[in-house]
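What follows is a short report on a single structure.
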Amino acid sequence: MKRPHLLYTAWSFPPSRAGGVYRAIATVNAFAAAGWDVTVLTVPEELFRMSTGVDAQLAAQVDPSIRVVRKDPDVPAFRNDIGAWSAARARFPELFKLADLRKDFRHFPEPNYGRWRPGLEAMAADVHRRHPVDLAVGTANPHVDFVPGWHLNRTHGVPYVMDYRDAWQLDVFSGRRLPTATPGVRRWERRLMERAREIWFVNDAIRAWHAGVHPAFEERMRTVANGFDQYGEPLQVPVRAERGQGLVFGYIGTITPNVPLDVLLDGWRRARAVEPALTGSRLVLRGYLGHFGAVDARAAARIDAAAADGVSYDGPVGKSEIARAYRGFDALVLALGTGRYVTSGKVYEYAATGIPVVSVHDPGNAATEVMQDSPAWVPARSLNASAVAEAFAAAARLAAAQTPEQRRSAQEWGERYSRRAQLAPRIEALTPR
């Protein structure tokens with residue numbers, strides 16, 4: 001029997017370390033494991049080295065059967081070597097940027113990425129000519145990633161899926177429409193949805209918002225949560241034997257300006273000063289300081305200033321080492337930006353470990369819906385230092401007393417958020433009969 005062929009488009013693909021790369025890896029691996037041939041359209045590795053940075057370990061997580069096709073989109077915004085700039089760009093960078101945007105909007109209403117559309121359409125057509133495509137999936141952002149599926153559908157009737165990791169019109173933090181949601185964006189989103197077989201969103205709140213904006217396409221919309229992935233060692237780690245010598249709280253994730261770092265550190269300091277269960281405790285932060293390659297100097301200074309409170313920054317942690325990192329923690333800190341549409345992929349991984357989780361985010365965040373039934377969850381009642389301190393204290397008491405049986409119970413609860421469990425029903429529904 002002929003193996004079906006998936007064409008998958010993702011700007012962020014290994015070795016990119018951007019957050020969406022994990023969903024991309026999991027999706028293509030799940031299709032490959034289900035018996036599909038998979039081809040990925042993406043950009044050259046060098047582009048990531050000049051912008052968001054790279055994680056060399058991620059490439060090893062991609063199923064070796066998957067074919068990766070790369071094409072340079074020629075985007076000046078991601079070329080940071082000033083020595084290679086033209087004289088015009090170096091002397092008048094703002095004017096150069098405004099003039100350069102025309103190259104994007106001529107093809108697609110997305111700054112920096114719109115110019116990739118012709119190249120993507122040509123790549124998709126070439127792949128389909130060589131090996132007919134049975135399904136196309138594009139993951140956004142950028143939203144130009146949806147174009148190959150739309151193009152193959154128009155030219156060859158290939159079904160396609162739009163996978164939203166975020167939103168094109170919605171600001172997930174404020175809940176308002178983005179200023180960039182121009183009439184052109186609205187027209188293109190509607191045009192793309194009209195032909196899509198399915199439209200995926202990472203949580204129910206974002207799906208419901210889009211259903212309100214595009215009610216004609218609601219029946220095609222699905223919630224496909226990010227879920228967690230297993231890399232090497234299992235995430236279901238045991239209770240740490242040394243916790244009696246001082247609890248270790250851990251945060252793993254990119255620390256961006258949206259993360260409430262000041263409230264987190266102030267709440268930690270207050271709790272550690274008064275809660276007996278936090279005597280000798282430490283707070284260890286792991287991950288990148290800033291989304292792009294450069295370190296966020298303000299965040300680094302704020303963390304350094306909290307060293308006297310037992311706070312340390314231990315650098316990024318690769319996915320192949322993630323389980324080992326969790327083994328060193330007694331409680332986890334889920335710190336997120338405010339917004340009812342905000343979940344974060346990290347919440348599912350935290351749930352899988354069974355380790356007590358203290359939420360340092362607005363209670364209205366979508367992450368609350370994920371964690372609310374967990375037997376190992378301690379939420380802050382509001383996002384201020386006093387409420388966060390109370391939550392840290394309660395989490396410390398839970399972490400100090402959690403038994404191996406309770407840890408296993410929490411792990412069993414978290415198993416529902418396996419990425420494979422999220423993707424399997426969709427792959428089954430989309431597999432040609």
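The values are calculated or read from the model by the stated rules, or taken from the named source; none is laboratory data. Bear in mind that the values here come from a model prediction, so they are computed numbers and not experimental data. Neighbour counts are summed over all protein chains in view; Cβ atoms, including those assigned to glycine, are modelled from backbone coordinates with ideal geometry.
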Scanning the stretch 113-160 residue by residue, those over 28 Å from Arg102 (Cβ atoms) and modelled with pLDDT under 95 turn out to be none
Go through the stretch 1-19 and report how many residues are free of Cβ contacts under 8 Å to residues at least 40 places away in the same chain and among the charged types (D, E, K, R). 2
Reported set for the stretch 379-395 where residues are touching a residue at least 24 places away in the same chain (Cβ under 8 Å), closer than 22 Å to Val248 by Cβ and not in a helix (DSSP H, G or I) is Ala380
Can you pull out every residue in the stretch 264-296 that is more than 17 Å from Ala331 (Cβ to Cβ) and surrounded by 18 or more Cβ atoms within 10 Å (Cβ to Cβ)? Asp266, Tyr288, Leu289, Gly290, His291, Asp296
Mind counting the residues in the stretch 6-23 that are touching a strand residue (DSSP E or B) at 6+ places or on another chain (Cβ under 6 Å) and surrounded by fewer than 22 Cβ atoms within 10 Å (Cβ to Cβ)? 1
Every listed condition ((1) more than 30 Å from Gly184 (Cα to Cα); (2) modelled with pLDDT of 80 or more; (3) surrounded by 15 or more Cβ atoms within 10 Å (Cβ to Cβ); (4) more than 23 Å from the chain's Cα centre (by Cα)) holds for Trp85 save (2)
Report whether or not Ala211 is outside any helix (DSSP H, G or I), surrounded by 14 or more Cβ atoms within 10 Å (Cβ to Cβ) and without any contact (Cβ under 8 Å) to a residue 60 or more places away in the chain. no
Could you figure out which of (1) outside the structural domain of Leu334 (by TED's automatic domain parsing); (2) surrounded by fewer than 22 Cβ atoms within 10 Å (Cβ to Cβ) isn't true of Asn258? (1)
Long-range neighbours under 7 Å by Cβ, at least six apart or interchain, first residue of a type in the set (Lys, Arg) within the stretch 396-423, second surrounded by 16 or more Cβ atoms within 10 Å (Cβ to Cβ) and in a helix (DSSP H, G or I): Arg397/Ala277; Arg419/Ala26; Arg420/Ala30
